[in-house]
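Enquirer: Before we start, here is the structure in question, set down as structure tokens.
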Amino acid sequence: MNGLVLEGGAMRGLFTAGVTDVWTEAGIEFDGLIGVSAGAAFGCNIKSRQPGRAIRYNKRFAHDPRYSGWHSLWKSGDIFNAQFAYHEVPAKYDIFDDKAFDENPLAFYVVCTDVETGKPVYKQLTKTSFDCYEWIRASASMPIVSRVVQLEGRKLLDGGITDSIPLAYFEQLGYDRNVVILTQPEGYVKGPNRFMPLIRWSLRHYPKAVAASRDRHLMYNEQVAYVRRREQEGNTLVIRPDETLAIGHIEHDADRMQHIYDIGRRKGEATLTQVRKFLQEGGTTHQ
């Protein structure tokens, strides 16, 4: 089976959206998709077959205090407003195609972190619902600037804390040929989190999540090395930006968003033949 693995990276995820929008428009499909954080929040538009949606609503609401920013953090406890961004926008302002999502056979997974255990949680989302959107929100809920999301008896935050690039997990599920989209360039090495004092305070009731956050850079760099090995072995195709993407975790400049998205589109166009050949060699069930 062919899988698509989407790293997070907050607004760097618009690079990924640009890449995958080109592929979606070209009719390229996968057997399964797993997204982390922004990879989940933007990747759901692949299953609903709505290229262009992620860049469209992010630009539209770039300066809207109901959507994101310090006003939202102060009013709601989330820098991306939980109700407005994850429920009102897809229901009222930029309609998410629930029917297309539900009917698409693509297996769609998101990754979250259980703050009580400090371990990753993997959830397959097959049908849209309030809880479906909440799982996506949980996957993208960054520490410090997000409240813990409670779902199915778990307390959840950003999946990138514990499994930033879930290639190994997808391989365990049987996806033996995978395309991985990273949001950092070749050679990037993550360092210790400079916001650890704030993370320790914000997660003071969850020591295992604090420990996972402290060691995240070690986990991430090991995963990058694993991805590189699998790439060299030939069963993984890795798409990376050519240089560091100059965009903030929280971004209000619509032109900068468009620029990062356009970089992704150019990469998507440049790799179109390559990814199509890779999937055909793996015997994908889609055309």
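The values are calculated or read from the model by the stated rules, or taken from the named source; none is laboratory data. Computed from a predicted model, the values in this text were never measured in an experiment. Glycine gets a Cβ as well: all are built from the backbone with ideal geometry, and neighbour counts include every protein chain shown. Accessible surface areas use protein heavy atoms only, side chains included; no ligands, DNA or RNA. Shrake-Rupley method; radii C 1.70, N 1.55, O 1.52, S 1.80 Å.
Enquirer: Name the one entry in Ala168, Ala140 that is touching a helix residue (DSSP H, G or I) at 6+ places or on another chain (Cβ under 7 Å) and either crowded, with 21+ Cβ neighbours inside 10 Å or acidic (Asp, Glu) (or both). If you could, list the steps in order and put the result at the bottom.
Expert: Numbers: Ala168 fails: either crowded, with 21+ Cβ neighbours inside 10 Å or acidic (Asp, Glu) (or both).
After ruling out the rest, the residue left standing is Ala140.
Enquirer: Check Ala168, Ala140 and return the single one that is at pLDDT 95 or above and more than 17 Å from Phe108 (Cβ to Cβ).
Expert: Numbers: Ala140 fails: more than 17 Å from Phe108 (Cβ to Cβ).
Checking each option against the conditions leaves just Ala168.
Enquirer: Just checking, how many residues over segment 215-250 are over 17 Å from Val5 (Cα atoms) and either touching a helix residue (DSSP H, G or I) at 6+ places or on another chain (Cβ under 6 Å) or buried (at least 18 other Cβ atoms within 10 Å of the Cβ) (or both)?
Expert: Qualifying residue count for the region: 4.
Enquirer: Quick check on my filter: what residues within segment 158-171 are part of a helix (DSSP H, G or I) and within 12 Å of the chain's Cα centre (by Cα)?
Expert: Of everything in segment 158-171, those that are part of a helix (DSSP H, G or I) and within 12 Å of the chain's Cα centre (by Cα) turn out to be Gly159, Gly160.
Enquirer: Could you identify the single residue in Ala62, Ala41, Ala82 that is among the hydrophobic types (A, V, I, L, M, F, W, C) and under 12 Å from the mean Cα position of the chain (by Cα)? Explain how you work it out, then say what you get.
Expert: Numbers: Ala62 fails: under 12 Å from the mean Cα position of the chain (by Cα); Ala82 fails: under 12 Å from the mean Cα position of the chain (by Cα).
The conditions single out Ala41.
Enquirer: Next question, about the same structure. Test Glu134 against the stated conditions and say whether it is more than 15 Å from the chain's Cα centre (by Cα) and modelled with pLDDT of 95 or more.
Expert: Values: more than 15 Å from the chain's Cα centre (by Cα): no; modelled with pLDDT of 95 or more: yes.
No, not satisfied.
Enquirer: For segment 46-64, give me each residue that is under 27 Å from Leu173 (Cα atoms) and either without any contact (Cβ under 8 Å) to a residue 24 or more places away in the chain or open to solvent by less than 10 Å² (accessible area, probe 1.4 Å) (or both).
Expert: Scanning segment 46-64 gives Lys47, Ser48.
Enquirer: In segment 179-198, is there at least one residue being in contact with a helix residue (DSSP H, G or I) (Cβ under 9 Å, 6 or more places away or on another chain), farther than 19 Å from Gly9 by Cα and not basic (Lys, Arg)?
Expert: no
Enquirer: Can you give me the number of residues within segment 77-106 that are surrounded by 14 or more Cβ atoms within 10 Å (Cβ to Cβ), free of Cβ contacts under 8 Å to residues at least 40 places away in the same chain and not in a helix (DSSP H, G or I)?
Expert: So the answer is 1.
Enquirer: A further question on this structure: How many residues are surrounded by 20 or more Cβ atoms within 10 Å (Cβ to Cβ) and over 18 Å from Arg214 (Cβ atoms) if we restrict to segment 115-124?
Expert: 2
Enquirer: Give me a count of the residues in segment 10-41 that are in contact (Cβ under 8 Å) with a residue 60 or more places away in the chain, under 27 Å from His252 (Cα atoms) and open to solvent by 20 Å² or more (accessible area, probe 1.4 Å).
Expert: Matching residues across segment 10-41 total 1.
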